[in-house]
1. Before we move on, is THR88 of a type in the set (Ser, Thr, Tyr) and touching a Phe, Trp or Tyr at 6+ places or on another chain (Cβ under 9 Å)?
2. Select from region 33-61 the residues that are part of a loop (DSSP other than H, G, I, E, B), closer than 13 Å to VAL96 by Cα and not aliphatic (A, V, I, L, M) and list them in ascending order.
3. Within region 68-105, how many residues turn out to be more than 11 Å from the chain's Cα centre (by Cα), of a type in the set (A, V, I, L, M, F, W, C) and not in a loop (DSSP other than H, G, I, E, B)?
4. Among the residues of region 83-123 satisfying the criterion of being free of Cβ contacts under 8 Å to residues at least 60 places away in the same chain and touching a helix residue (DSSP H, G or I) at 6+ places or on another chain (Cβ under 6 Å), which is farthest from SER43 (Cα to Cα)?
5. Does GLY122 satisfy the criteria of being of a type in the set (Gly, Ala, Ser), part of a loop (DSSP other than H, G, I, E, B) and at pLDDT 85 or above?
Amino acid sequence: MVRFLAGLFCAFSLVSACSSDDAADDGNQPYEPAGNGVAMSESDACKSITAAEDDRRAALSCGPVTRPPCPVYIQKSNPACSQYDQGTVQACAAFVGEQPTCDALTQKKCLLKILPGSAPNGC
């Protein structure tokens with residue numbers, strides 16, 4: 001299954017290591033949440049991630065962040081207009097909302113999964 005590092009925090013990244021697909025710990029490995037197989041458009045996935053990021057940054061008074069525009073922010077090396085696994089988008093957005101510090105927001109990573117072969121249906 002194709003994955004990519006959620007451009008979620010391109011300039012910074014979210015999520016911590018995981019000992020399983022669903023459990024995050026404090027390591028340096030990216031958090032890789034389980035998906036649910038439900039398709040989500042590229043635009044909606046990017047908006048969900050950036051909104052979660054913006055909300056958490058505001059709550060923590062982290063200050064402004066510079067990042068590529070949606071959907072480039074989450075595309076990484078994946079085909080444009082891919083569909084994303086809704087379960088991973090929701091889990092990564094929730095993970096962002098749980099970060100305790102601005103540093104954690106910049107250091108943690110989360111992996112969003114695309115649905116293989118879904119491009120160009122995600123636009």
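The values are calculated or read from the model by the stated rules, or taken from the named source; none is laboratory data. This is a predicted model, so every value here is computed, not measured. Cβ coordinates were reconstructed from backbone atoms using ideal geometry, including for glycine residues, and neighbour counts include every protein chain displayed.
1. Working: of a type in the set (Ser, Thr, Tyr): yes; touching a Phe, Trp or Tyr at 6+ places or on another chain (Cβ under 9 Å): no.
It is false that THR88 is of a type in the set (Ser, Thr, Tyr) and touching a Phe, Trp or Tyr at 6+ places or on another chain (Cβ under 9 Å).
2. Taking region 33-61 as the starting set, the residues that turn out to be part of a loop (DSSP other than H, G, I, E, B) are 33-38, 41, 60-61.
Of the ones still in play, those that are also closer than 13 Å to VAL96 by Cα are 33, 60.
Correct list: PRO33 only.
3. Qualifying residue count for the region: 4.
4. GLY97
5. Values: of a type in the set (Gly, Ala, Ser): yes; part of a loop (DSSP other than H, G, I, E, B): yes; at pLDDT 85 or above: yes.
Taking the combined requirement at face value, the residue satisfies it.
The rows are residues; the columns are (1) of a type in the set (Gly, Ala, Ser); (2) under 18 Å from ILE114 (Cβ atoms); (3) touching a His at 6+ places or on another chain (Cβ under 9 Å); (4) modelled with pLDDT of 95 or more.
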{"residue": "VAL2", "(1), (2), (3), (4)": "no, yes, no, no"}
{"residue": "LEU5", "(1), (2), (3), (4)": "no, yes, no, no"}
{"residue": "ASP22", "(1), (2), (3), (4)": "no, no, no, no"}
{"residue": "ALA39", "(1), (2), (3), (4)": "yes, yes, no, yes"}
{"residue": "SER48", "(1), (2), (3), (4)": "yes, yes, no, yes"}
{"residue": "ARG56", "(1), (2), (3), (4)": "no, no, no, yes"}
{"residue": "LYS76", "(1), (2), (3), (4)": "no, yes, no, no"}
{"residue": "GLN86", "(1), (2), (3), (4)": "no, yes, no, yes"}
